[in-house]
Each structure stands twice: as C-alpha cells, then as structure tokens.
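Comments concern the structure below.
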Amino acid sequence: MLKRWLDWRVRRNKEKLRSPLGPTRLMAAATLARLGQPEWSELVRGDPQDFRRLGQSHEPWVYCALVAVLSIPHLRGPAIRGLAVHRDQRAIKPILKAMEDVAFCRAGAKALAKLGQPEWEQWIRGDAEDIERLASSGFAPAETLAEELARQARGKRPKKAEKNGSAANQENHRQQDDIAVKCSQCGAKYTLGRNAVVASMRDVLGAILSSGGDVMADPTASPDLIAFGRVSPEFGDAHADQVAFLKEARSRGTKLSWRCDNCQSIQDYPW
C-alpha cells in the first residue's frame, strides 16, 4: 500500500515537471528528491533552461513535455535544444513547425543537425540568403519552410501594425494582471512583475512541508519567499511566472508572506 502511494506521488510530481511555471517545476523537483530521485534537482532549477536540461533525461514522457512547450515563445528555444539532446527522431516534425518563427530557425537547424540532418545548417546560416538556399535545396520540407518564411517576409509591414496593436493589448492585459501591494508598516508600494519579483524561488524549499509541497501552512516559515524590490533575472519571463504563481497560490488559499525591502517588516499577502 505504501509503495503504491509513493509511486503515485512520484508520477504526480513528474507530471508537474512539465509545467510552464518555474516555481511549480522547482517544487516538484524538490519533492522528487525527497522521494529518492535527487537527479531531478540537477535538471530542474526553475528557469526556462529547465527544458533544455530535461532533454538529458530519456524517460518517455520528456519528449511529449518538450513538444508541448514549443508553443510558448519564451520556452521555445530551450525546448528545441532539449529535443536535440533527447535525440528522438519524432522531434523532427515539431522542430520544423517551430522554425516557421524565423527567430528560431538557427536553433532549429542546429537541432536537426544533431538529429541526423546536417544539411539544415548549410541552408540556414542566419543571413539574407537563407530563404533562397532553402527554396533551391530540392528537399520538400525545406522548400515548404522557405515558402512560409517568404510569405511572412512579404506580409511583414502589414503585420507590424497588427503587432503594435497586439502589443498595446498585451500591455493593457499586463496592467490588469499586475498584483500591487502596500506595506502596512511604512506605506511602501510595490507592483509584482514591474519593480518587484520573487527574490529566489529556492526559498520555497524551506517552506515545503511533508504534504508534498502543495500547501505552505506556516506563512513565516520562509519570509523571503516573496521579497519585493529585488530583481532575479534567472527565471526568464518574470512577470508571467510570478503573477501566475501568486494567482495559483491565491486560488488554492495558500498562505504566503513577504518582506518589505524598505522597512524589512514581514507581513501576509492581502488575500
């Protein structure tokens, strides 16, 4: 009975390693380490490069996890590199699809070379002749990619205006998603994702209880869990990760505390 329960916890936390949220992956890796699988703590550190490092694992679920995050722009590069390391031939098709975003053509070409197709590095060199070389390659997938890249290049100017409009919408959405707090002691104001982010998600480890990391019952167990005014670039898209983490914590009723950088007082989140 105990073995079945432990196996269930291992499977459940491995599923969490697929999460696009760094804090969720980090807590899952910490739990797996406590369950006798410390190797995941070496691969998972809570930053976007987790998906590159996960490629070193040859467990079957890793391939699906890497392919799934190819649709997320700030995780696409690490996922492509992870697929290259994972060396699963099924990755060729999803990598080609990801290369339709010109920003990831070079990374995709290098990945395909590692998967046994070195000619892609000859066709894609990161210069203005890439499309022409792909179109004249005589290789159907390369020609298809050339057509898509050429189509995007022709429609670049109209899309720019659309992109600007989209950026404005994203900024409005971002402002709506911002989480603002005010120190009850000194009145200092902070906005998560703008002038404040999680100082170090490794502080989570000190507050994880034997419940498996889902609930932190003691909000003072790690007062630096959320330290406003400190910037930590190691987690990539800080705004998306931190806001999503706090919203998830709020929806679960998880108790968190934070330390004001101005007066150093410790207090609970306002929800």
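Derivation of every value follows stated rules applied to the coordinates shown; laboratory data play no part. If you're wondering where the values come from, they're calculated on a predicted model, not measured in any experiment. So basically every Cβ, Gly included, is an ideal-geometry build from the backbone, and we count neighbours across all protein chains shown.
Here are a few things to note about the model shown:
- Of the three principal axes defined by the Cα atoms of region 2-157, the extents in descending order read 61, 33, 21 Å.
- Segment residue 12-residue 113, extension gain: residue separation times 0.36 nm, minus the distance between their alpha carbons: 32.9 nm
- Karplus (6.51, -1.76, 1.60) ³J(HN,Hα), θ = phi - 60°, over region 20-32, in Hz, Gly and Pro reported as x: x, 8, x, x, 5, 5, 5, 5, 5, 5, 5, 5, 5
- Shown is the FRET efficiency for residue 127 and residue 72, computed with R0 = 35 Å from the Cβ-Cβ distance and rounded to the nearest 0.05: 0.80.
- Along region 136-152 the Karplus relation, 6.51 cos²θ - 1.76 cosθ + 1.60 evaluated at θ = phi - 60°, assigns HN-Hα couplings of 9, 6, x, 10, 3, x, 5, 5, 5, 5, 4, 4, 5, 5, 5, 4, 5 Hz to successive residues, with x for each Gly and Pro.
- From phi via Karplus (6.51, -1.76, 1.60), per-residue ³J(HN,Hα) for region 37-45 in Hz, x at Gly/Pro: 10, x, 4, 5, 5, 6, 8, 10, 10
- Residue 188 long-range amide H proximity, modeled H, under 5 Å: 183
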